[in-house]
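See below for the structure under consideration.
The values are calculated or read from the model by the stated rules, or taken from the named source; none is laboratory data. Just so we're clear, the structure is a prediction, and the values are computed from it rather than from any experiment. Every residue, glycine among them, receives a Cβ derived from its backbone with ideal geometry; neighbour counts consider all protein chains shown. The area values use the complete protein model at the heavy-atom level, side chains included, leaving out ligands, DNA and RNA. Shrake-Rupley method; radii C 1.70, N 1.55, O 1.52, S 1.80 Å.
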Amino acid sequence: MRVLVVGGGGREHALAWCCARSPRVDEVLVAPGNAGSAQEPGVRNVAVAAGDIAGLIDVARRESVDLVIVGPEQPLVDGIADQLTAAGIACFGPNAEASQLEASKSFTKAFLDRHGIPTASFERFTAFDAARDYIERTGAPLVVKADGLAAGKGVVVADSVAMAVEAARAMLVDGQFGDASREIVVEAFLEGEEASFIAITDGNTLLPLATSQDHKARDEGDRGPNTGGMGAYSPAPVVTDAVAEHVMRDIMLPTLEGLAKDGIDYVGFLYAGLMIDSTGQARVLEFNCRLGDPETQPILMRLASDLTVLAEAAIARTLDTVSIEWDPRASLGVVMAAGGYPGSYDNGAVIRGLDAVGDAAKVFHAGTREEGDDIVTAGGRVLTVCALGATVAEAAEQAYAAADAIDWKDCYRRNDIGYRAIQRERDGS
Ligand code: AMP
Ligand code: GLY
């Protein structure tokens, strides 16, 4: 069979690598892919942008693609699954209606409230005066969120009333995020540790993936500006068996039932971003309608099942007939980024040392491009260097040993990816 992966980041390189390992798969196409997917055995890039839905349908037809797997959220929100399905092409990913779980925080908060799923208490506003009154009445800390997609920048964790009021003003009055901030959600600040809980669903059955955790802050100790993610690992020790059971019972399955009750068909990855407090109680921070990046890279390193079988079963609504197997080892990925990211940064630096990485690690590319015989940087997050190990600590050791071999001008990485998990392993908890 032939698979088309839509997107060009580290997540998509990992998806392509994962599908190419399947004995059922003859070839994987990636649109548009990156220098890593270009060099991956059994994988070929096609020069079509992830947002060009008509172009992607053309490619799928021309190349006799049997299965499309969509990486990023924007094409899903824009209806790529609806359009591919209408064209008779199997697509693994939710339709536009279901993708509102990621595209609209206001929709999601109302959904969670309606179905009694644990989340931070909240109010929704379109008028600034009402938002300001609520913020002043409630007091800090508070979290102010633009309703729509704002490239990860639409959330302000405010530790003062003044900061929350300013965020609300910027969004509602100044139109900071355009249409995406016409409406805002103001919610209670939750204490705890975050984890990503991702599942595959066909709308009836839900198969959880291995747990994971990412580091969103740029700097060590989880400080500094928010990024797309500077590293991730799996499993996430904060999600103990008891926590996982509670998340399935009180969050994931009620979400599936809520979608069904609301008449929303959901096929694809469903990602719950959770805050887990010190008593093990989990609450939903957000939903994503796709896999996380960089969580995908370490998660797929551990996947022992055939992803194409899982995706096709979900599309056929027969997910209850398949199971999902995991490598028991831990896995960890370190993001190597361009200096300056998530602010402005240079592209075009020649990446050295990729050939020196041995078999103990796997380098997934994100912002890279081929230039003659060189591979050069072409984005903020450039590589995710992943490795397996008996423990998260051992996986980290292997991943960092490989990352040490790679370098370019102004390369930046965090050196503490996995520190919470490693601390828990040391404490034996
Ligand atoms: P979101 O896009 O809603 O997941 O928010 C982005 C990030 O903001 C999350 O990963 C958290 O680190 C933080 N955040 C969001 N909502 C809350 C909350 N209610 N309490 C504490 N931190 C939050
Ligand atoms: N790593 C977080 C995300 O993909 O949303």
Among the residues of the stretch 279-301, is any in contact (Cβ under 8 Å) with a residue 24 or more places away in the chain, more than 16 Å from ligand 2 (Cβ to nearest atom), farther than 19 Å from residue 80 by Cα and out of contact with any helix residue (DSSP H, G or I) (no Cβ under 9 Å at 6 or more places or on another chain)?
no
Based on this model, can you work out whether residue 223 counts as of a type in the set (Lys, Arg) and more than 19 Å from the chain's Cα centre (by Cα)?
yes
Any chance the stretch 236-244 includes a residue that's more than 17 Å from residue 295 (Cβ to Cβ) and out of contact with any Gly (no Cβ under 8 Å at 6 or more places or on another chain)?
yes
Taking the stretch 265-282 and the residues there that are away from ligand 1 (no atom under 13 Å from the Cβ) and not small (Gly, Ala, Ser), the one that is surrounded by the most Cβ atoms within 10 Å (Cβ to Cβ) would be 270
Enumeration of residues in the stretch 54-82 that are under 17 Å from residue 104 (Cα atoms), out of contact with any helix residue (DSSP H, G or I) (no Cβ under 6 Å at 6 or more places or on another chain) and open to solvent by 10 Å² or more (accessible area, probe 1.4 Å):
72, 74, 78
Checked against (1) more than 16 Å from ligand 2 (Cβ to nearest atom); (2) in a loop (DSSP other than H, G, I, E, B); (3) more than 20 Å from residue 108 (Cα to Cα), residue 204 satisfies every condition except (3)
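Results for (1) within 30 Å of residue 148 (Cβ to Cβ); (2) open to solvent by 40 Å² or more (accessible area, probe 1.4 Å); (3) in contact with a strand residue (DSSP E or B) (Cβ under 7 Å, 6 or more places away or on another chain); (4) at pLDDT below 95, shown as yes or no for each residue.
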site: 228; (1), (2), (3), (4): yes, no, yes, yes
site: 243; (1), (2), (3), (4): no, no, yes, no
site: 262; (1), (2), (3), (4): yes, yes, no, no
site: 292; (1), (2), (3), (4): yes, no, yes, no
site: 299; (1), (2), (3), (4): yes, no, yes, no
site: 315; (1), (2), (3), (4): yes, yes, yes, no
site: 327; (1), (2), (3), (4): no, no, yes, no
Here are some residues: 384, 391. Which one is within 24 Å of residue 217 (Cα to Cα), open to solvent by less than 10 Å² (accessible area, probe 1.4 Å) and polar (S, T, N, Q)?
384
Within the stretch 404-413, restricting attention to residues that are hydrophobic (A, V, I, L, M, F, W, C) and more than 11 Å from residue 356 (Cβ to Cβ), which residue is most open to solvent (accessible area, probe 1.4 Å)?
411
Residues that are without any contact (Cβ under 8 Å) to a residue 60 or more places away in the chain and over 24 Å from residue 293 (Cα atoms): which helices (runs of 4 or more DSSP H) entirely in the stretch 40-112 hold 3 or more of them?
53-62, 80-86
